[in-house]
Amino acid sequence: MSSPRDELAEGSEVGKVYLRRLVRAQLLLSLTALLAFGGLVGSLPLALYVLPGLHRAEVLGVPLPLVLLGPPIFVLLITIGWVYQRRADALDASFRELLHDP
């Protein structure tokens, strides 16, 4: 019986399954990050449209829509990127562990 590393190196069907599962997991992670950021940022115009009073609200003299488009967006982007990187590293580590010879 050959190891997963041998299966992958030989390009066998089992090796292709291992690789396909890794690629799918990475794609799912990327789509999740994209949807999280896009959904949260994309909901802001919808919230401003549905709640017209938000246009007139101010925080320290700055209109609320500008405040929401400033630092919170960058914090959100950095947080999603940090979570994405940790999860991507975990996927890679899991794949390396699978290929590790006992």
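The values are calculated or read from the model by the stated rules, or taken from the named source; none is laboratory data. Predicted model, so just to flag it, every value in this text is computed and none were measured. Positions of Cβ are backbone-derived with ideal geometry, glycine not excepted, and every protein chain shown enters the neighbour counts.
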Near pairs, Cβ below 8 angstrom, 6+ apart or cross-chain, from region 66-89 (among the charged types (D, E, K, R)) to any residue that is modelled with pLDDT of 90 or more and part of a helix (DSSP H, G or I): Arg87/Leu29
Failed criterion for Arg56 (all others in (1) modelled with pLDDT under 90; (2) closer than 29 Å to Lys16 by Cα; (3) of a type in the set (Lys, Arg) hold): (2)
Neighbours by Cβ (under 9 Å, 6+ apart or cross-chain): first from region 12-24, farther than 15 Å from Ala88 by Cα; second among the basic types (Lys, Arg) and at pLDDT below 80: Gly15/Arg5
Filter result for the condition that a residue is more than 22 Å from Pro63 (Cα to Cα), surrounded by 10 or more Cβ atoms within 10 Å (Cβ to Cβ), among the aliphatic types (A, V, I, L, M) and at pLDDT below 90, over Leu29, Leu19, Leu35: Leu19
Counted residues, region 44-68 - those being surrounded by 14 or more Cβ atoms within 10 Å (Cβ to Cβ) and in a helix (DSSP H, G or I): 7
